[in-house]
1. Show me the strands (runs of 3 or more DSSP E) entirely contained within region 71-175 in which 1 or more residues are in contact with a Pro (Cβ under 7 Å, 6 or more places away or on another chain).
2. Inspect region 37-54 for any residue being buried (at least 18 other Cβ atoms within 10 Å of the Cβ), among the hydrophobic types (A, V, I, L, M, F, W, C), assigned to a loop (DSSP other than H, G, I, E, B) and at pLDDT 55 or above and give the result as yes or no.
3. Checking the condition without any contact (Cβ under 8 Å) to a residue 12 or more places away in the chain and closer than 15 Å to Thr115 by Cα, which residue from Glu152, Glu163, Glu187 passes?
4. Given (1) modelled with pLDDT of 95 or more; (2) more than 20 Å from Leu167 (Cα to Cα); (3) out of contact with any helix residue (DSSP H, G or I) (no Cβ under 9 Å at 6 or more places or on another chain), identify the lone condition not met by Lys57.
5. How do the pairs read when you match residues in region 123-144 that are within 19 Å of Ile195 (Cα to Cα) with residues anywhere that are assigned to a helix (DSSP H, G or I), using Cβ under 8 Å and keeping only pairs 6 or more apart or on different chains?
Amino acid sequence: MRKLILWVILGFLTLYSCQSQTKKTKINMDNSNKNYEIATLAGGCFWCIEAAFDELKGVVEVQSGYAGGSVKNPTYKQVCTGETGHAEVVQIRYNPSVISYAQLLDVFWVLHDPTTLNRQGNDVGTQYRSAIFYHNDEQKKIAEKSMAQSEERGDYSAKYVTEIVPLNDNFYPAEDYHSDYFVNNPENPYCGAVIAPKIKKFHQKFHDWLKPEFQ
């Protein structure tokens, strides 16, 4: 009898753990604080760019998720097939009096290669495409200017393939276990081989833009 009770308890805990891992919790991006604004960017694996943007002064919250697709409430597994049309993105809630949208884009160009179509390194597929999902016409203008300036500077030698498209409220938060993935999974081989070098480069270039605890 005791063994039966123990197995029931273990089964319940396992089920609860799995449900917790796949549950999606949307960060409060309603912009109730009118001083905050939101940016939505796609630059390959969202684990990579979330880790960097979260360290910037003026950034309040970063939410990994999916945008630009045709399926409502997609799962990570579905998005990875490339069949839903979604890109892995991050939504960034930030204080524009501390960091501007243009500055966020300056970081964006450094964090990924905007010249590789549907690919970042060994991550291949439309879900890894480079894209800026603007929330309003002002963001669109800033994004177009920022990309043109980056191309003119010769930051990359090839032609940019970054999409600049409206978000149209088409954003779905990723499963909870994706949040702070780099911080919570330092032993993961992908984190060590791919994300850590990006963060190191990011720190070197934007040291003065980092929150004090990351300097």
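The values are calculated or read from the model by the stated rules, or taken from the named source; none is laboratory data. Remember, it's a predicted structure, so these values are computed and weren't measured experimentally. For neighbour counting, all protein chains shown are included, and Cβ atoms are generated from backbone atoms with ideal geometry for every residue, glycine included. Accessible surface areas use protein heavy atoms only, side chains included; no ligands, DNA or RNA. Shrake-Rupley method; radii C 1.70, N 1.55, O 1.52, S 1.80 Å.
1. 130-134, 171-173
2. Checked region 37-54: at least one residue is buried (at least 18 other Cβ atoms within 10 Å of the Cβ), among the hydrophobic types (A, V, I, L, M, F, W, C), assigned to a loop (DSSP other than H, G, I, E, B) and at pLDDT 55 or above.
3. Glu152
4. Exception for Lys57: condition (3).
5. As it stands, the answer is Gly125/Cys80; Gln127/Val79; Gln127/Cys80, since those pairs meet every condition given.
To keep it simple, each residue is scored yes or no on (1) under 24 Å from Tyr36 (Cα atoms); (2) open to solvent by less than 20 Å² (accessible area, probe 1.4 Å).
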site: Leu111; (1), (2): yes, yes
site: Lys141; (1), (2): yes, no
site: Ser150; (1), (2): no, yes
site: His178; (1), (2): yes, yes
site: Ile195; (1), (2): no, yes
site: Lys205; (1), (2): no, no
site: Phe214; (1), (2): yes, no
